[in-house]
Each structure stands twice: as C-alpha cells, then as structure tokens.
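The values are calculated or read from the model by the stated rules, or taken from the named source; none is laboratory data. If you're wondering where the values come from, they're calculated on a predicted model, not measured in any experiment. Please note: Cβ atoms are built from the backbone with ideal geometry, for glycine as well, and neighbour counts cover all protein chains shown.
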Amino acid sequence: MRFWKYSVLGNTFVVVLTRKSVRAAHLDWVEKLCHPVTGVAADGVVLIQPVGMKMHVYNADGGRAEISGNGARCAARLFFDATPSAKVAPLRGDAGVILCRRMTGRAISVCIPPPKFAASDVPARVKTDEFWGVPLRLPTPSGRGVVVHALSVGNPQCVIWSKALPRDWEELGKALHEHPVFPERSNVVFARTQRKGIDVRIWERGVGPTQASGTGAAAAAVVGARLGHTARQVNVFMAGGTMRVNWRKDGHIELIAPAELMVEGNWPWHEPG
C-alpha cells in the first residue's frame, strides 16, 4: 500500500489512495499504521478516492472522524504536487465539501463549512438549545469545574476560554473529551487571548495532545469572535506553530497553513476498503 506522510505544524497525517468505497466506522489497520513504534507515527489517516475526490478521515485510534482541516490540507498537498497546474482541490468528506486552494510557497487555504451551535448538532446531551457558557464539573481527582462553549465545525468541539492556559490541561482534556455529555466524544481546546491572537492547547479525540489542529483552531477563532474577545480574522498560536483563521461573513471558515511532505513509502497491508 503506497502512502505519503505529511506534517501541518506538527500535526501529521498519512494519505492513502484507494479505489474502493470506505464506509467503516472503525478500521483496525489504521491504529497499526499510526503507531509510533510499529507504524509510521501519525495522528491520523486520510483515504482519498481520486474519482470524485472523496475523502475519508480516521484518527490514530482507528475511529472515523467527520472532518479534518489539516487532513484535507495534506491530501490537497499531494494533489497539488502531482498536478502543478491545479489551483483548487475540492474534497468531499462526511461533513460536506472542503475547498482547498494553493497559496504562495507551501501554504494551502482550507475552507470548511460554517459552524453550528445547536446542542443537537454538536452533539451534546443537554436540555438547552445551545451548550454555551455552561459550567461543567469534571470527573477528575480535583473535581474541578470548567465553563464549556461547545459547537460543531464539522466535528464536535469543546472550547474552554480562560485568562491563562491551565497547567493540567492534558488531564482536563482527557476527562472532557470522553465526558458523558458528549455521546460521540469531543475535541477539547483550551484558549486564551494574547496580544497578537489566540494561544491554544488541544486534546484531539482519538489522538490525545496534538501539536496542531485545523478544526481546533477554527473552533477557538469562532468562540473568540462570538464572545467578543477577538476579530473574526485572527492568528491562532498552537504548540506546533501559527495558523491564520478567517471566519468569513458567509459563515465559512478559512484556515491557512503550510503542509510539508515528511516521507513516502510502501506499507505491507492490503488496499483499504
């Protein structure tokens, strides 16, 4: 099986081409491929059907992801490198069409669908219309509480906004992402305003702490703008680097960052599907 491994600010994805339709909610071989010792060490796998440009994203634990901004960026990088004349790559995923555009240098613009705030769209098991600005006590030894702003940017996102990033954010992220209020689990983003933009730390569903996340950056920017902390166009600073985010007037979210090829090769597995 031919593969290409890319990095977006330290968020790594393996891109694989497949001729078959992929519908499985979980793929066992993905976990083996992403394993840091026995595999190629990646945060996820993007399967691309070249006919129709269909995209299927899986997290490192083998579970299906509805969308990935950085996964789409990696797939677009492969397409642009193979097709030098192409300027646009429309990828079709579970959450709709993701439009990728070639920018200057190695940067790629990824445009994802508008955010949704209804609790049923996140989804979140609450009785209110939105799960926004709600205190939530966590099942941790400290029993600490946080204020949750939940939304969907194609996948579930839980954003915790504070004056300072908590030192125990990894412990909190682990507890939050699998909290019973989120039936499909959730990505967790810890965010704070700083002079030049937003600082974030991210616990990614099915991965754990991650260097960067396109949808996590999108969620932070949307929450920041909706709370009045930032403008709709803002820099999001993650552990792996900076992503430019623009929550456009039409509701779509544009994410700009580079994608770099790390390694390509063959994996001794049958074609997925």
Matching residues in segment 120-132 (more than 10 Å from SER152 (Cβ to Cβ) and outside any strand (DSSP E or B)) number 6
Evaluation of ALA225 against (1) of a type in the set (Gly, Ala, Ser); (2) under 21 Å from HIS252 (Cα atoms); (3) in contact (Cβ under 8 Å) with a residue 40 or more places away in the chain (one fails), failing number: (3)
Matching residues in segment 161-185 - criterion: being assigned to a loop (DSSP other than H, G, I, E, B), of a type outside the set (A, V, I, L, M, F, W, C), surrounded by 16 or more Cβ atoms within 10 Å (Cβ to Cβ) and in contact with a Lys or Arg (Cβ under 6 Å, 6 or more places away or on another chain): ARG185
Reported set for segment 75-100 where residues are without any contact (Cβ under 8 Å) to a residue 24 or more places away in the chain, in a strand (DSSP E or B) and over 17 Å from ALA218 (Cα atoms) is VAL88
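Quick one: in segment 232-273, of everything that is among the aromatic types (Phe, Trp, Tyr) and in a loop (DSSP other than H, G, I, E, B), which residue is modelled with the lowest pLDDT?
Per the criteria, the residue is TRP269.
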